[in-house]
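> Below is the structure I would like to discuss, written out as structure tokens.
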Amino acid sequence: MSAEIFDKVRGVQSEIEAAQPQTMEELEQFRIKYLGSKNIIKPLFGEIRNIDNERKKEFGQLVNTVKEVAEAKYEALKARLESAAEEAAASDLDLSAPGEPLELGSRHPIAITMNRIVKIFERIGFVVADDREIEDDWHNFTSMNTPEDHPARDMQDTFYLKDSTELLLRTHTSPVQARVMTRQKPPIRIIAPGRVYRNETISARSHCQFHQVEGLYVDENVSFADLKQTLLYFAREMFGPDAKIRLRPSFFPFTEPSAEMDVYLGTATEKDYRLTKGTGWLEILGCGMVDPNTLEACGIDSEKYTGFAFGMGIERQALRLYDIGDIRLFFENDVRFLKQFASAF
Ligand code: PHE
């Protein structure tokens, strides 16, 4: 009798071990059968009274083991089926669902304005020269005929790199002149757009960072007339065929003679009135004939070659182009502001 019951219990155990529920429903059937309130293991415990005394303990342990096997198998199967269900949900690709929208960026108004200026000069043979924003003292000042203690340095105070009196954030794009002239022989015809820095209080009209485009033309027989005609060509391309310019005598250490150029916008519109402070004239650049000292400092024979250079600010032109009232908007990176200037440039 005992042996038969032992066999019966072992039969239940192998049945449990062989069971292969494939779905949550089948697993639930498994649970009801072996672990539910009316499971088939429970009555087996009752059989203990039919077992010979000396085997009672062994029998009890066997039934316990069967119960534990059922429990362990249930937990393992449950975990496996649940993670399979999660995986299936994750890979449940719906190819007809609408995609994540990709925001289309737009060019920055400064970049658009800068590219426009660069293109105008490229059309007459100027080539873009790109260079560093962290400059050394020599390229930014000394080579540009502005030795230490020169009063012109006062107007271009800047940010020096920590623990250095040599390395600074360039105050203008003019050091690109020196970069190019020290490595290239004339004829040189470059246009150098880029960011520059000055230690200035930030306001609606000025900022400690801004952008310039530098131009440099060095060759035999380059004259002030060439400079003037080149700038007139630029003004007409940029501001329209009727654009008028004027050159006012000025001073820059690295050009001689030097001038500042204004473009006549008139005062017809309120924004032109505002931008030109009521004069109709907008100052857009500094220029002049490259000082022989600058040519020589960069290893160019000033007896043989002459050249002209100019440097213009971008922000002011962009303010006018897009009718913007505050220069700080350019540097805030507010997408609501920036996305208004989508452009083909
Ligand atoms: N570098 C000058 C400035 O930033 C502009 C300039 C460039 C003047 C080239 C003359 C020639 O003010």
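> Rounded, prolate or oblate: which one fits the range 161-203, using the alpha carbon gyration tensor with axes a ≥ b ≥ c (rounded when a/c is under 1.5, else prolate when a/b beats b/c, else oblate)?
Cα axes put the range 161-203 in the oblate bin.
> Can I ask one more? For the range 180-313, what's the relative contact order in percent, using C-alpha pairs closer than 8 Å and at least 6 residues apart?
That works out to 27 percent.
> So how far apart, in nm, are the two label points at Ser223 and Asp242 if each is 7 Å from Cα heading toward Cβ?
The modelled label-to-label distance comes out at 3.1 nm.
> Looking at the square roots a ≥ b ≥ c of the eigenvalues of the Cα gyration tensor of the range 109-338, which shape do they give, rounded for a/c under 1.5, prolate if a/b is larger than b/c, or oblate?
Here the range 109-338 falls in the oblate category.
> Would you grab the residues whose amide H sits under 5 Å from the one on Ala192? Only those 5+ places off in sequence or on another chain, please, with H modelled 1.01 Å from N.
Ala129, Glu214, Gly215
> Read phi for every residue in the range 107-116 and hand back ³J(HN,Hα) as whole Hz from Karplus 6.51 cos²θ - 1.76 cosθ + 1.60, θ = phi - 60°, with x for Gly and Pro.
6, 6, x, 5, 5, 4, 5, 4, 4, 5
> Nearest 10 degrees is fine. How inclined is helix 24-34 to the longest principal axis of the chain, computing both from alpha carbons?
30
> Which FRET efficiency value, to the nearest 0.05, is calculated for Asn50 and Lys78 with the Förster distance at 25 angstrom and r the Cβ-Cβ distance?
0.15
> A follow-up question, please. Long-range amide H contacts for Ser250: which residues qualify at under 5 Å (H placed 1.01 Å from N, peptide plane, sequence gap of 5 or more or a different chain)?
Ser258, Ala259, Glu260
> Among DSSP beta bridges whose residues both lie in the range 167-266, state the antiparallel percentage, nearest 5.
Close to 100 percent.
> Using 20 Å as the cut-off for backbone N distance, which residues of the range 16-39 belong to the label zone defined by a point 7 Å from the Cα of Asp92 along Cα→Cβ?
22-28
> OK, next. Could you check what % of the DSSP bridge pairs in the range 109-338 are antiparallel, to the nearest 5?
Approximately 95 percent, going by the DSSP bridge assignments.
> Can you tell me how much longer the chain between Val128 and Gln29 gets when fully stretched, taken as 0.36 nm per residue apart minus their C-alpha distance, in nm with one decimal?
Residue separation times 0.36 nm, minus the Cα-Cα distance, leaves 27.9 nm.
> Pop the C-beta distance of Leu104 and Glu256 into the FRET formula with R0 = 41 Å and round what comes out to the nearest 0.05.
Computed FRET efficiency for Leu104 and Glu256 comes out at 0.25.
> Percent relative contact order of the chain, based on C-alpha pairs within less than 8 angstrom and at least six residues apart?
16
> Label the range 2-86 by shape, choosing from rounded, prolate and oblate, from the square roots a ≥ b ≥ c of the eigenvalues of the Cα gyration tensor; if a/c is under 1.5 it is rounded, and otherwise prolate applies when a/b is larger than b/c, oblate when it is not.
Prolate shape, in that a/c is at least 1.5 and a/b is the bigger ratio.
> If you don't mind, another one. Straight-line reach only, C-alpha to C-alpha below 16 angstrom: list the aspartates and glutamates that Lys73 could link to, leaving out same-chain residues fewer than 8 apart.
Here the aspartates and glutamates satisfying the reach criterion relative to Lys73 are Glu15, Glu17, Glu25, Glu26, Glu28, Glu82.
> Also: Pairs Lys33/Lys78; Lys8/Lys33; Lys228/Lys277; Lys119/Lys304; Lys185/Lys228: which exceed 19 Å Cα-Cα?
Lys228/Lys277; Lys119/Lys304; Lys185/Lys228
> Calculate the FRET efficiency for Ser206 and Lys162 from the Cβ-Cβ distance with a Förster distance of 25 Å, rounded to the nearest 0.05.
The computed FRET efficiency comes out at 0.50.
> How many angstrom lie between the C-alpha centres of the range 201-278 and the range 22-94?
If you average the Cα positions of each part, the centres end up 89 Å apart.
> Which of the peptides 137-146, 328-337 is most tightly packed, and how do the rest follow, going by the mean number of other Cβ atoms within 10 Å of each residue?
Packing proxy ranking, top to bottom: 137-146, 328-337.
Just so you know, all these numbers are worked out from the coordinates, no wet-lab data involved. Computed from a predicted model, the values in this text were never measured in an experiment. When we count neighbours, we look across all protein chains shown, and the Cβ atoms used for this are built from the backbone with ideal geometry, even at glycine.
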